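The values are calculated or read from the model by the stated rules, or taken from the named source; none is laboratory data. This one's a predicted model, so the numbers in the text were calculated from it and none came from an experiment. Quick reminder, even Gly has a Cβ in these numbers, built from the backbone with ideal geometry, and neighbours come from all protein chains shown.
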Amino acid sequence: MPLELLQAGTADQEYLWTLNFGPQHPATHTTLRLVLTLDGEKIVKAVPDIGYLHSGFEKLGEDLDFNQYVTIVDRMNYISPIANEIAWHHAVEKLMGIELTPRCRYLRTILAELARISDHLLCVGAAALDLGAFTAFLYGFYQRELLYDIYETAAGQRFHPSSTRVGGLLFDVNDVFVKKVRDFVKNFPKTHADIVRLLNRNRIFIERTQGIGVLSKEEAINLSCTGPIARASGVVRDLRKDEPYLAYKDFEFKVICARAGDCLARYLVRMDEMLQSLGIIHQAIENLPAGPVNVDVEGKDVLPDQQSIYRSIESLIQHFELHMPNRQWQPPVDEVYAATESPNGELGFYVVSDGSGVAYRARTRPPSFIHFAIFPYLIVGHQISDVVAVLGSLNIIAAELDR
């Protein structure tokens, strides 16, 4: 926090007062608490207080096996759950040295980018809603319903798909999935354009976001910001380009950046990123490789499909062994860190293996935990009414804070 602001805020303690923002407040959209010190309506100090949604996510990683734990990481960033699944199994597969099939890489890329669009739609819609723009919120949520239908077609579940597995996916996709994705790619630009027309030149929205919560490029780097928040401040960093994984190296797309570093810039970056994600999805779905979605069953690392279990004694034995706690996988005794470019930024998992099918330690590096910590740097000096604008532009997910 800037020293001069602290000094200004503590010059006359008699006129300062404390305000609790949350943990039950409609603009936090979850259980977040901010302890604000005010001089009139001016904020002179802000202290984020986490711990209201602690679920023991990381401890559960020491008890559940590599496939079971995917249902837990789903609940971390519950706005784009499949992005968490992909990050988790990306780390496990790096630990075990598993190379995914081309079809699996493309399908995971499609699902990851659909999750990015879903996450950005909620962030943009909720941020606009908090500032009084209700219609954009409705437009975004209708498109998210279509995305949930796509997830349901791919995995059988809408909200928490839990569809990735070690070495592949729970199910391969069918023609219905391909058609729904193509329809979404075709129709989404109209909704995107409607949101742009509603907000990009809206005088109230611009005045509430422009110049508010400014984060400089140097501050973004020093405070470990990633994702749209860092790129809105001019940090050209995207793991999809810098450390390619899945099938991203096969596609043409741009890394969207801005320079202003304010709430408006973060909004604009997310809006443009949705169009880039749409382009990636279009390239992937039109060039979807044939072949298996899981690695070779002979590798004994993936669960065989249901029909094989019923018809083959080898598949039945493999299914049995992967579910037995004293058999399962035999990863090397090692430790790895692997990260993906999730919708909110770098989502990484640090996995320590003792050679069993359960992680000795599963540590996550969630972007929301980092970004909530920068809130005091952004809000000091602003008015109370600016809290919702800055908080909405950061897209904090409380379940990522309290692991």
- Query: Are there any pairs, at least 6 apart or on different chains, whose C-beta atoms fall under 6 Å, with the first in the range 168-193 and touching a residue at least 12 places away in the same chain (Cβ under 8 Å) and of a type in the set (D, E, K, R) and the second crowded, with 18+ Cβ neighbours inside 10 Å and assigned to a loop (DSSP other than H, G, I, E, B), and if so, which?
  - Reply: D172/V293
- Query: Quick check: is even one residue across the range 260-277 within 22 Å of A339 (Cα to Cα), surrounded by 19 or more Cβ atoms within 10 Å (Cβ to Cβ), touching a Ser or Thr at 6+ places or on another chain (Cβ under 8 Å) and among the β-branched types (V, I, T)?
  - Reply: no
- Determine, yes or no, whether T109 is among the hydroxyl-bearing types (S, T, Y) and either crowded, with 21+ Cβ neighbours inside 10 Å or outside the structural domain of P331 (by TED's automatic domain parsing) (or both). yes
- Query: Taking D65 and the conditions (1) in contact (Cβ under 8 Å) with a residue 40 or more places away in the chain; (2) of a type in the set (D, E, K, R); (3) not assigned by TED's automatic domain parsing to the domain that holds R105, which numbered condition does it fall short on, given that it satisfies the others?
  - Reply: (3)
- Message: Of the conditions (1) in contact with a Gly (Cβ under 9 Å, 6 or more places away or on another chain); (2) more than 20 Å from T109 (Cα to Cα), L268 satisfies every one except a single condition; which number is it?
- Response: (1)
- Item | Residue list for the range 44-77, filter: of a type in the set (V, I, T) and modelled with pLDDT of 90 or more | V44, V47, V70, T71, I72, V73
- Message: For the structure I just gave you, tell me whether T209 is of a type in the set (V, I, T), in the same structural domain as D119 (by TED's automatic domain parsing) and closer than 14 Å to C263 by Cβ.
- Response: yes
- Query: Listed residues N222, N202; which is modelled with pLDDT under 95, out of contact with any helix residue (DSSP H, G or I) (no Cβ under 7 Å at 6 or more places or on another chain) and surrounded by 16 or more Cβ atoms within 10 Å (Cβ to Cβ)?
  - Reply: N202
- Task: Taking I256 as the residue in question, decide whether it is at pLDDT 90 or above, closer than 28 Å to V176 by Cβ and in the same structural domain as P228 (by TED's automatic domain parsing).
- Result: no
- Give T30, T37 a once-over and let me know the one that is farther than 22 Å from V336 by Cα, β-branched (V, I, T), surrounded by fewer than 22 Cβ atoms within 10 Å (Cβ to Cβ) and in contact with a strand residue (DSSP E or B) (Cβ under 8 Å, 6 or more places away or on another chain). T37
- Task: Considering each of R403, R361, R311 in turn, give the residue that is over 23 Å from A220 (Cβ atoms) and touching a Ser or Thr at 6+ places or on another chain (Cβ under 7 Å).
- Result: R403
- Of all residues in the range 332-379, which are of a type in the set (D, E) and within 22 Å of the chain's Cα centre (by Cα)? E341, E346
- Positions within the range 21-42 being touching a residue at least 40 places away in the same chain (Cβ under 8 Å) and touching a Pro at 6+ places or on another chain (Cβ under 9 Å), in sequence order: T30, T31, L32, L34
- In the range 211-233, how many are touching a residue at least 24 places away in the same chain (Cβ under 8 Å), out of contact with any Pro (no Cβ under 7 Å at 6 or more places or on another chain) and either polar (S, T, N, Q) or within 12 Å of R266 (Cα to Cα) (or both)? 13
